[in-house]
Amino acid sequence: MVMTPSDSHSVNRFLHFNTQRTEATPHVLHFRLKPLLVVFIALLLLFLYKPAQAAENTGEDNIARETLTRADRIRFPDEGFQVDVTITTTEPDTAEDVRTYRILSKGNSHTLVQTTAPAIDRGQILLMRDRDLWAFLPNLSQPIRLPLSQKLTGQVANGDLARANFTGDYNPKILRSEKINDESYQVLQLDAVDNSVTYRKVLFWVNAKNNRPYKAEFYALSGRLLKTGYYQEFLPLGGETRPTKLIIEDSLRRGRRSVLEYNNMVVRDLPDKIFTKDYLKKLSR
């Protein structure tokens, strides 16, 4: 076969085109491999970062839980105890309301709240077992089931007396640190473990040096701030230095507040039988 000049020209063009493609191939491969390399590195970094982040979060969670536990122990004893509480409620253009209660508590799962004044309400009893709360009234034969979040008196909810410790009811995390009056505070965000607890969320200020509670903000399910509590007058009570006064201010209606004063705290062994419905039916009559 004899190659004509025309054929020779076509072959040269073909060889030149394929040579260009061959020379360009490494660049094409490099262009295609570069995004894959970036993705691989990103996935590798993410894989390495997640365990480190999880370890860091676990460490912070442990610190938050320990801080919350220590603050709760300052507020109330771990073991069984008895304490008297006077609640004074003030509202604009309304006469001051004073009520007294005796609280018997065994850990954070068994609590008895007895109304001791005024005389008209004497004999009313709240019984809490775990997160179940019942009210025993002298004029009713059967107890009434109540939510912890329901108002007891003034700015005080049932759970503020019957289940006052935060540990176990809320998952804590460290939100931030704050400086107040030259004192350092850890601000804990406490998220409710479920809908049965008293509040949806609590922000809790704890002194970073001595773990004393300073302030708490209580939030509704909607995220709205309901009220703010201030822990004051740290004095010897029940064998430890504790806040003997809690001031709760209504964040929705200005000028409304309740002051809780704790007295006569005694650490004591409490029998299980007093935390039963049958026993309280007799006691409330």
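The values are calculated or read from the model by the stated rules, or taken from the named source; none is laboratory data. In this text the structure is predicted, and so the values were computed from the model without any measurement. Cβ atoms come from the backbone with ideal geometry, glycine included; neighbour counts cover every protein chain shown.
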Which numbered condition in (1) modelled with pLDDT under 95; (2) hydroxyl-bearing (Ser, Thr, Tyr); (3) touching a helix residue (DSSP H, G or I) at 6+ places or on another chain (Cβ under 9 Å) is the only one that TYR101 fails?
(1)
Which number in (1) within 21 Å of ASN165 (Cα to Cα); (2) surrounded by 18 or more Cβ atoms within 10 Å (Cβ to Cβ); (3) of a type in the set (Val, Ile, Thr) marks the one condition that THR89 misses?
(1)
Checking GLN114 against (1) over 26 Å from SER251 (Cα atoms); (2) surrounded by 15 or more Cβ atoms within 10 Å (Cβ to Cβ); (3) modelled with pLDDT under 95, only one condition comes out false. Which one?
(3)
Of all residues in the range 136-159, which are under 30 Å from ARG254 (Cα atoms), assigned to a strand (DSSP E or B) and in contact with a strand residue (DSSP E or B) (Cβ under 7 Å, 6 or more places away or on another chain)?
LEU146, LYS151, THR153, VAL156, ALA157
Please verify whether THR241 is more than 17 Å from the chain's Cα centre (by Cα) and surrounded by fewer than 19 Cβ atoms within 10 Å (Cβ to Cβ), treating the condition exactly as stated.
yes
Out of all the residues in the range 174-181, is one or more touching a helix residue (DSSP H, G or I) at 6+ places or on another chain (Cβ under 6 Å), farther than 25 Å from ARG253 by Cβ and at pLDDT below 95?
no
So is LEU280 loosely packed, with under 12 Cβ neighbours inside 10 Å, farther than 14 Å from VAL83 by Cα and either in contact with an Asp or Glu (Cβ under 6 Å, 6 or more places away or on another chain) or among the hydrophobic types (A, V, I, L, M, F, W, C) (or both) or not?
no
Can you tell me which residues in the range 251-285 are modelled with pLDDT under 90 and touching a strand residue (DSSP E or B) at 6+ places or on another chain (Cβ under 7 Å)?
LYS277, LEU280, LYS281, LEU283, SER284
LEU270 - would you say it is touching a residue at least 12 places away in the same chain (Cβ under 8 Å) and either of a type outside the set (S, T, N, Q) or over 20 Å from ARG70 (Cα atoms) (or both)?
yes
How about the range 148-162: which of its residues are of a type in the set (S, T, N, Q) and crowded, with 22+ Cβ neighbours inside 10 Å?
GLN155
Residue under question is ARG122, and the condition is that it be among the basic types (Lys, Arg) and either within 26 Å of the chain's Cα centre (by Cα) or closer than 25 Å to PRO213 by Cα (or both); does it hold?
no
Here are ALA71, ALA54, ALA64, ALA42: which of them is under 28 Å from TRP205 (Cα atoms), modelled with pLDDT under 70, of a type outside the set (Asp, Glu) and out of contact with any Gly (no Cβ under 7 Å at 6 or more places or on another chain)?
ALA54
Would you check which residues across the range 192-238 are loosely packed, with under 14 Cβ neighbours inside 10 Å, modelled with pLDDT of 95 or more and at positive phi and list them?
GLU233
